[in-house]
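Structure record follows, encoded as structure tokens.
The numbers here are math on the coordinates, done by the rules we state, and not lab data. Keep in mind that what you see is a predicted model, and the values were worked out from it rather than measured. Backbone-built Cβ (ideal geometry, glycine too); neighbour counts: all protein chains shown.
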Amino acid sequence: MSAEISAEQLDEIYAFAIQLGKDAGKMLMDAAALRINSAPGQGQQAFEDKDNAVDIVTKTDTDVEAFIHSSISKKYPDHKFIGEETYSAGSSKDYLITPDHPTWCVDPLDGTVNYTHLFPMFCVSIAFIVSGSPVIGVIYAPFLNQLFTSCKGKGAWLNETQSLPLVKAVPIPANAPKGCVFSCEWGKDRRDPDSEKGKGGNLGRKVESFVNMAVEIGGRGGKGGMVHGVRSLGSATLDLAYTAMGAFDIWWEGGCWEWDVAAGIALLQEAGGLVTTANPPSDPATAEIITDVRLGSRLYLAIRPAGPSATETGRQGQERLVREVWKRVRDLDYSRPGA
């Protein structure tokens, strides 16, 4: 922990972040209610494309981010702020989080496409980062009335009362990934993998990986994982929250930005989960050291909290599952400057 932030200050920041998340979530629901209760033809949410038709920004995104930024600036004027909408408005894709400054990393509305369709899997995501690592995570999904919170050394919680994971000390299945729930996202690269333009692109690599994880044991040249189920929520933040909760066993993804994952990483790590890189090493079976993920890498593999079995510790089970996932997935290309 940086000397700039004392334990007492961190407690105060944690309480402030929780209330900020609640207030921002209410703004999301108030805007959604205007659409739900409006007269026919009058409740459309104004939005515009960012990079493509599945990467959109609504007026609500920008309004909520402005509220969060203003609130933080008034309370903590010396803290750095990185928000999705203000970052996306610039031309740089550099990684801007540095270890020398306490930083807030915010996604005012993760799951914007879901929100525009009133599909309930959307949330506000607020992370506080010290010395380059997320130490506070607040994720509020107001339509679901689910508030996920964590602070380093103080636990991870659902609705401030239920400790995460919800079911304690469950070992990783002995034949994992069989028996696991695998969470993944399609991403914003929609180029046809069968076209010359999309050949070798991330969408094709993802689809191949999804199928490998899903098919029967022995299928796909031995890569078949026979996972129990495949889920795609449309929100990387909630994917991580549900992994911390223990509802998902595995989350594998590339292409997310730091505001998509910072709060979720704080939550998952505090709950006892593991987060490493999505891309497999040359020989996953012999990868002895599994390192924590780099926040700005855009490549993420998360494993739920796990208890010990008769033959291995919880961490050993998590690392075994990491290697099994790596055997079945393709490497993804989401390089960016400064990370």
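A few points about this structure:
- Extension gain for the segment ALA169 to TRP186, taken as residue separation times 0.36 nm less the Cα-Cα distance, is 3.0 nm to one decimal.
- Calculated FRET efficiency for the pair ASN37/THR98, C-beta based, R₀ 51 Å, to 0.05: 0.70
- GLU216-ASP333 FRET efficiency (beta carbon distance; Förster radius 25 Å; 0.05 resolution): 0.30
- Residue order, fewest to most surrounding Cβ atoms within 10 angstrom, among GLU196, GLU319, GLU4: GLU196, GLU4, GLU319
- Those residues of the range 305-339 whose amide nitrogen sits under 19 Å from the label point placed on LEU203, 7 Å along Cα→Cβ: 330-335
- From the alpha carbon centroid of the range 113-155 to that of the range 185-218 is 28 Å.
- Separation of the SER131 and LYS59 label points, Cα + 7 Å toward Cβ, nm: 4.5
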